[in-house]
1. When both residues are 6+ apart or on different chains and their Cβ atoms are under 6 Å apart, which pairs have a first residue that lies in the stretch A:94-114 and is within 12 Å of chain B (Cβ to nearest Cβ), and a second that is surrounded by fewer than 16 Cβ atoms within 10 Å (Cβ to Cβ)?
2. So for the stretch A:13-35 (the condition being free of Cβ contacts under 8 Å to residues at least 24 places away in the same chain, more than 26 Å from residue B:10 (Cβ to Cβ) and not β-branched (Val, Ile, Thr)), does at least one residue qualify?
3. Does the stretch A:118-141 contain at least one residue that is within 12 Å of another protein chain (Cβ to nearest Cβ) and not aliphatic (A, V, I, L, M)?
4. Residue A:98 is checked against (1) closer than 24 Å to residue A:127 by Cβ; (2) more than 17 Å from the chain's Cα centre (by Cα) and fails just one. What number does that condition carry?
5. Here are some residues: A:130, A:106. Which one is buried (at least 21 other Cβ atoms within 10 Å of the Cβ) and of a type outside the set (Lys, Arg)?
6. Suppose we keep only residues that are over 18 Å from residue A:167 (Cα atoms) and in contact with a Leu (Cβ under 8 Å, 6 or more places away or on another chain) within the stretch B:14-30. Which one would you say is farthest from the other protein chains (Cβ to nearest Cβ)?
7. State the number of residues belonging to chain B that are at pLDDT 90 or above and not in a helix (DSSP H, G or I).
8. If you take the residues in the stretch A:148-169 that are more than 9 Å from chain B (Cβ to nearest Cβ) and surrounded by fewer than 19 Cβ atoms within 10 Å (Cβ to Cβ), which one is modelled with the highest pLDDT?
Amino acid sequence: MELSDFNWWSQFIRWGHIISGIMWIGHLWYFNFTQTPTMPKIPTELRPAVVRFILPEALFWFRWGAMFTLGFGLILAYMNGYLIDAIKLGIGAPSPHTKTTAIGIGMWLGTIMWFNVWFIIMPNQNKVMGVTPATPDEVNAARRTAGLASRVNTMLSIPMLYCMVFAAHYY
Amino acid sequence: MEKLLGSLAGTVIAGFVLTVVVAVILHAIH
């Protein structure tokens, strides 16, 4: 196989998309299934260890996982020639296909989730962690907003993954 | 919405319901 072989690069980008996606959704589920439900059970004096040491590290891999997943995904869709048709959910495509609609719905759900990470969760988490100055009331509001956006993403991740797997393995 | 997503179980159930909705749409247009 030549190094310039299109399929080799396409497969390489797909691998990058999936490995970044696991990094992203793995952390999302860690926050929602493990960290957040456990926090109230942790003695008050130990909670700063989570907020000051574990949370910033986890958020680093979480947000960059999201960025690389989106980037690799868009490149992959472009390389495979269905980027525009998928964005339009296959509507008006020259050869409409259920796979295009499926990957399109998955792409839109993933993009909404990526937006939530970078423009809702992170700015609010920065207030919670003290990176951005905020009053105690603002910190409480930020914690609630970030938590809700994180729950929205957990909810959307379930149909999003269905669409991704559907599109890849329908035939 | 906030009440539903306030619980982890509610979040997961909502995710499964949305998945069924998507699956039905994809089945209908096939």
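1. Here the result reads A:98/B:30; A:99/A:170, each pair linking the stretch A:94-114 to a residue that is surrounded by fewer than 16 Cβ atoms within 10 Å (Cβ to Cβ).
2. Scanning the stretch A:13-35, I find at least one residue that is free of Cβ contacts under 8 Å to residues at least 24 places away in the same chain, more than 26 Å from residue B:10 (Cβ to Cβ) and not β-branched (Val, Ile, Thr), so the answer is yes.
3. The answer is no; no qualifying residue exists.
4. (1)
5. It is A:106.
6. Ranking the qualifying residues of the stretch B:14-30, first place goes to B:14.
7. Matching residues across chain B total 1.
8. A:165
The values are calculated or read from the model by the stated rules, or taken from the named source; none is laboratory data. Keep in mind that this is a model prediction, so the values were computed, not measured. Positions of Cβ are backbone-derived with ideal geometry, glycine not excepted, and every protein chain shown enters the neighbour counts.
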